[in-house]
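What follows is a single structure, written as C-alpha cells, with notes after it.
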Amino acid sequence: MKYSLEPIAATLKAAREAKGLSQRALSELAGVPQSHISKIEKGSVDLRVSSLIELARILDLELVLVPRKSVPAVSSIVRSTAAAVHPADPFSRAVLIELHRLQRKIGALRQTDPASVELAQLQRQVRDLQHLKFSPAHLEALREVTRRLRAIRGNPSPEDLRRVLSRVQQLRDRMAHDLESASPVEEIRPAYSLEEDEYGE
C-alpha cells in the first residue's frame with residue numbers, strides 16, 4: 001500500500017517549531033535519535049506508530065483515527081484551532097529549555113551507566129512532566145532538580161539518584177495536585193430537582 005508521509009512530517013515539524021524546540025531537544029525529550037527525527041521531518045523514513053505516538057504526545061498532538069467522511073470537519077476544526085495558537089511564550093520556552101537541560105544530563109549519565117534502573121525511571125518521570133502545566137514555582141523546583149543532578153560528580157550512586165528521583169516525583173505530585181485544585185467542580189443536581197423546577201413544584 002502506497003501512502004504519503006509528507007502531511008504527517010509537515011505537521012510534526014510545524015508543531016516542533018511552534019514549541020521552540022530544536023531537533024536535538026525533541027530527540028532528547030522523546031528518546032529518538034536526532035538523525036531519525038530529521039528523516040521523519042523529510043518524510044524519508046517509514047515511521048513506526050509507537051514513535052509517532054511518542055513524538056505527538058511531546059508536541060501536544062494526538063493520534064486519532066476518524067471516519068473518512070468526518071475528515072473535512074476535523075480538518076476545519078484543526079485549521080481554526082491552529083490559527084489561534086501562537087508560538088511558545090517566554091515562560092513556556094524557559095520550561096522547555098530546563099526540561100531539555102535535565103534530559104541532556106540524564107542522557108549523559110545513561111551513557112556511562114545504561115543499566116541504571118534509577119536513571120531510566122528518572123528519564124521517564126521527567127518526560128512525563130512536560131504534559132503538566134508549569135507555574136513559576138514549579139519551574140524553580142525543576143531548576144533545583146537540575147542543580148542537584150549536576151552537582152553529582154563521577155558515577156552517581158543509586159542512593160544519590162533515588163534522592164533526585166524523589167524530588168521529581170514530589171514535583172509531579174505537586175503539579176498534579178495544583179491542577180486538580182484549579183479545576184472548578186460543577187455541582188451536579190439530582191434529576192428530580194430539575195423536574196421540580198420545570199413544573200414549579
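So here's what we get for this one:
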{"read-out": "Derived scalar couplings ³J(HN,Hα) [the range 15-30; Karplus, 6.51 cos²θ - 1.76 cosθ + 1.60; whole Hz; x for Gly, Pro]", "value": "5, 4, 5, 5, 8, x, 9, 7, 4, 5, 5, 5, 4, 6, 5, 8"}
{"read-out": "Positive-pole candidate from Ile97, Leu142, Leu179, dipole of the range 90-182, charges at beta carbon", "value": "Ile97"}
{"read-out": "The range 6-84: relative contact order in percent, alpha carbon pairs under 8 Å with at least 6 residues between", "value": "27 percent"}
{"read-out": "Cα lying deepest toward the dipole's positive end in the range 6-84, options Ile77, Ser38, Gln23, charges on Cβ", "value": "Ile77"}
{"read-out": "Positive minus negative residues near Pro156 (Lys, Arg vs Asp, Glu; Cβ under 9 Å)", "value": "-3"}
{"read-out": "Electrostatic dipole magnitude of the range 90-182 [Cβ: Lys, Arg +1; Asp, Glu -1; Cα centre; debye, to 20]", "value": "340 debye"}
{"read-out": "Rough spin-label spacing in nm, given labels placed 7 Å along Cα→Cβ, for Ala73 and Ile53", "value": "2.6 nm"}
{"read-out": "Val64-Arg124 pseudo-label distance in nm [points 7 Å out on the Cα-to-Cβ vector]", "value": "2.8 nm"}
{"read-out": "Of Lys42/Lys133; Lys69/Lys133; Lys39/Lys69; Lys39/Lys133; Lys39/Lys105; Lys13/Lys105, those spanning more than 27 Å from alpha-carbon to alpha-carbon", "value": "Lys42/Lys133; Lys69/Lys133; Lys39/Lys69; Lys39/Lys133"}
{"read-out": "Ser22/Leu179 FRET efficiency (R0 25 Å; Cβ-Cβ; nearest 0.05)", "value": "0.35"}
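Readers should treat all values here as calculations from the given coordinates under stated rules, not as data from a laboratory. This is a predicted model, so every value here is computed, not measured. Glycine gets a Cβ as well: all are built from the backbone with ideal geometry, and neighbour counts include every protein chain shown.
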